[in-house]
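As C-alpha cells, the structure follows; a few thoughts come after it.
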Amino acid sequence: MKIPFDNSYAKLPSQMFTAQLPTPVKDPQIIVINAELAKLVGIDPAMLTGDSAAKVFAGNHIPDGAAPLAQVYAGHQFGNWNPQLGDGRAILLGEVIGTDGIRRDIQLKGSGPTPYSRSGDGRAWLGPVMREYLVSEAMHAMCVPTTRALAAVTTGEPVYREEILPGAVITRVAQSHIRVGTFQFFASRGDMQALQALTDHVIARHYPEAGGPADLLDMVIARYAALIAKWMGLGFIHGVMNTDNVSIAGETIDYGPCAFIDDFHPDSVFSAIDQYGRYAYSNQPGIGAWNMAQFATALIPLMPDRDKAIAGFTAAVHRFPDLYEAAWLNIFGRKLGIAAADEDDRDLITDLLDLMTKDGADFTNVFANLGLQTARDQFIDRDAFDTWHARWVLRKSPDADAIMAAANPRIIPRNHRVEEAIAAGRDGNLAPFHALLKVVTQPYAPLTDETATFARAPTKDERVTRTFCGT
C-alpha cells in the first residue's frame, strides 16, 4: 500500500515524541475500511483489500515514507494534574496532505506498548474500536468536527481486561493529535525551546492567520466553544474532557466512555469513571472554559510581559461563555426551525428542555418530530406541551421544516444499539455493526420501514446506564 506521507511533526525537537514501531499482531483481519476517507487522504481504493491492507492497518507492515512515533503530553485528569502522559497505545504513522489540501495525521490506536503506556499493554479490545468507529463517523455525518475512522482490524490475539477479549486496532485520522496537554507538558517543565517550536508548528499548521500566542488562544477558544455547542445540540456527552483529550485543532477526540442522551436530563452521566459527574452533559460548557484556562496558562511563559499576558489571557478565557452561548442559541434555534434565533427565543428553548427533563422525553425524537403527533406523545403532561407548542408555532420561521430537517438527526448511534453491535461482534457476528454504521452515517435521511427501528428509543430493559473506556 502506498500512502503519500508528508511528515512535519517528526521534524520537531526530539523531546516531543519517541520514535516507536507498532508491535506486530498474530493474524490481522479487516473489519471495515472507509474507502471514501481513504480516497480523501490519497490512498488508492484498489489497495484496500486483502492481507496487505490488513497488515498495514494492524501495524505489521510500515508503508514507505512513514515516521512512526508516540507523542508525549501531560494533562489534568478529572481536575488532577498528571505531569507525564502520552500515547500509551497509539502510534502516529505520519501525515498526509489530502485531496482537499488539508494536512491530516494517520494514527494506529491499539498498536502496542510505548514508553508512555504506564504499565498498560498498549492494546485495544474490539468493543472500544467498534464504538469509536461508529461514533466518530456518525459525528462527521452530523457535521461535528471530529477525528475519523479509516479502518478497523481484528488482531487474532486476546486482550486481557476483567476477562479475555478479542483484540483490535483502529486507524484514526485527525487534523492533528496535538492537545492542550501537549502544551502543558513543556510549559510545566520550563522547556521554552519545545514550547515555542510547538506553538510555531500549531500556528503554521492550524491557524496561519494567528500573529502569536494571544491570537492562537483566541482562535482555539472560538473553535472549542463552537464544538461544545454542537455536542450539546446532539445530546452528546464526551465523558472524559481531560485536558489531554482536548484537541488544539478543535476536533472531537478520544471516544472512550462517550454516550448520547436518550430520555433527557441535563445532569446525565454515563462514564463509569466519572463518579462525581464532573463531565455531565450540563457541565460540558463550564469544563470547556476551564480547559481553555489551562491552555492559556501553558502559553503564558512565551509572553514577554507576564502580568500583561495574564490580564489579556484571562479576558480571552472569560469570553468563552459568550461565544458558547451565541453558538448554542443558534444551534437550538435551528433545531426549532428558527432561522435566526435571538435572546428572546432563549426562554422558548429552555422551556422545552425543562418539559423534556420533567417528563423524561427522548432528546433526539422530540426535536426530529416537533411538527408531528409523535413529539407530543413523548410527554406525560401533554397540556403543558400543547401550551408550549402554541408559542412555538407563532415563532418558527416560514421554512421551519427545511431548517429542522437539516438540524435534527433522525438517527444517532444510540447507546443500546452500539452495545448490541459490540456484543454481536465479540461473538464473531459483524452484521449488526455494519447495519448500524450504514444508518448512522446517513443521520438526516428520511426514515424507511428498514431504518425506523434504529430511531426508536430504548425500552427500559435496553437502556445503557454506564459506558467504559476500554483501557
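Membrane-span-like helices in the chain: DSSP H runs reaching 24 Å or more (Cα, own axis), mean Kyte hydropathy at least -1.0?
213-234
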Inset, instruction - Grab the beta carbon distance between R319 and D44, set R0 = 45 Å, and tell me the FRET efficiency rounded to 0.05. - result: 0.50
Legend entry - Table column - 3J(HN,Hα) (Hz), the stretch 11-21, Karplus curve with 6.51, -1.76, 1.60, x for Gly and Pro: 8, 6, x, 5, 6, 7, 6, 10, 4, 7, 7
Inset, instruction - Please give every one of the lysines within straight-line cross-link reach of K460, meaning a C-alpha to C-alpha distance under 16 Å, and leave out same-chain neighbours fewer than 8 residues apart. - result: none
Inset, instruction - Mind putting together the pair-distance distribution for the chain? All Cα pairs, 20 Å bins, whole percent per bin, short to long. - result: 24, 56, 20, 0
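Let me spell out the model: positive unit charges on the Cβ of Lys and Arg, negative unit charges on the Cβ of Asp and Glu, origin at the Cα centre of the chain. What dipole size does that give, in debye rounded to 20?
860
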Legend entry - Alpha-carbon radius of gyration plus Dmax, which is the widest Cα pair, for the stretch 223-300 in Å: 12.1, 43
Legend entry - Solvent-accessible ranking of K39, K109, K460, largest area first, probe 1.4 Å: K460, K39, K109
Inset, instruction - Quick one: accessible surface of D200, probe radius 1.4 Å, all protein chains present, in square angstrom to the nearest 10. - result: 80
Inset, instruction - Arrange the peptides 135-146, 420-431 so that the one whose residues have, on average, the most other Cβ atoms within 10 Å appears first. - result: 135-146, 420-431
Legend entry - √(5λ) per eigenvalue of the Cα gyration tensor, the stretch 296-426, largest first, Å: 37, 24, 14
Legend entry - Residue (of L93, Q107, S117) at the positive-pole extreme of the stretch 77-124, dipole from beta-carbon charges: S117
Legend entry - Å² per residue, accessible surface of the chain at 1.4 Å: 40
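Filter the cross-link list K109/K230; K335/K396; K11/K39; K230/K308 down to pairs whose alpha-carbon distance in this structure exceeds 21 Å. Can you show the working numbers first?
On the way: K109/K230 25 Å; K335/K396 10 Å; K11/K39 26 Å; K230/K308 33 Å.
Pairs exceeding 21 Å: K109/K230; K11/K39; K230/K308.
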Legend entry - Amide H contacts under 5 Å for N82, placed H, 5+ residues apart: G75, H76, Q77
Inset, instruction - Find the centroid of the Cα atoms in the stretch 126-184 and in the stretch 27-48, then give the distance between the two in whole Å. - result: 15
Legend entry - Nearest-0.05 FRET efficiency for D354 and A19, computed from C-beta distance (R0 60 Å): 0.65
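How about the stretch 314-360: which trypsin sites (Lys or Arg not before Pro) there lie in a loop by DSSP and see at most 16 other Cβ atoms within 10 Å?
Here the trypsin sites (Lys or Arg not before Pro) that fit, given the DSSP loop and packing criteria, are R319.
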Inset, instruction - Evaluate the relative contact order of the chain (contact order divided by residue number), counting alpha-carbon pairs under 8 angstrom at least 6 apart; express in whole percent. - result: 15
Inset, instruction - Place the peptides 52-65, 226-239 in order of packing, highest mean first, counting for every residue the other Cβ atoms within 10 Å and averaging per peptide. - result: 226-239, 52-65
Inset, instruction - Evaluate the Debye formula for the stretch 1-130 with equal point scatterers sitting on the alpha carbons, no solvent, and hand back log10 of I(q)/I(0) at q = 0.10, 0.15 Å⁻¹, in q order, two decimals. - result: -0.34, -0.76
Inset, instruction - Return the calculated 222 nm mean residue ellipticity for the chain, to the nearest 500 deg cm²/dmol, obtained by summing -39500 (n - 2.57) across DSSP H runs with n ≥ 4 and dividing by the residue count. - result: -12500 deg cm²/dmol
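Determine the gain in length on full extension of the stretch C143-D399; use 0.36 nm per residue of separation and subtract their C-alpha separation, reporting nm with one decimal.
This chain segment gains 90.1 nm when fully extended.
The values are calculated or read from the model by the stated rules, or taken from the named source; none is laboratory data. Note that the structure is a prediction, hence the values are computed from the model and not measured. Neighbour counts are summed over all protein chains in view; Cβ atoms, including those assigned to glycine, are modelled from backbone coordinates with ideal geometry. Keep in mind that these areas ignore ligands, DNA and RNA; they rest on the heavy atoms of the full protein, side chains included. Shrake-Rupley method; radii C 1.70, N 1.55, O 1.52, S 1.80 Å.
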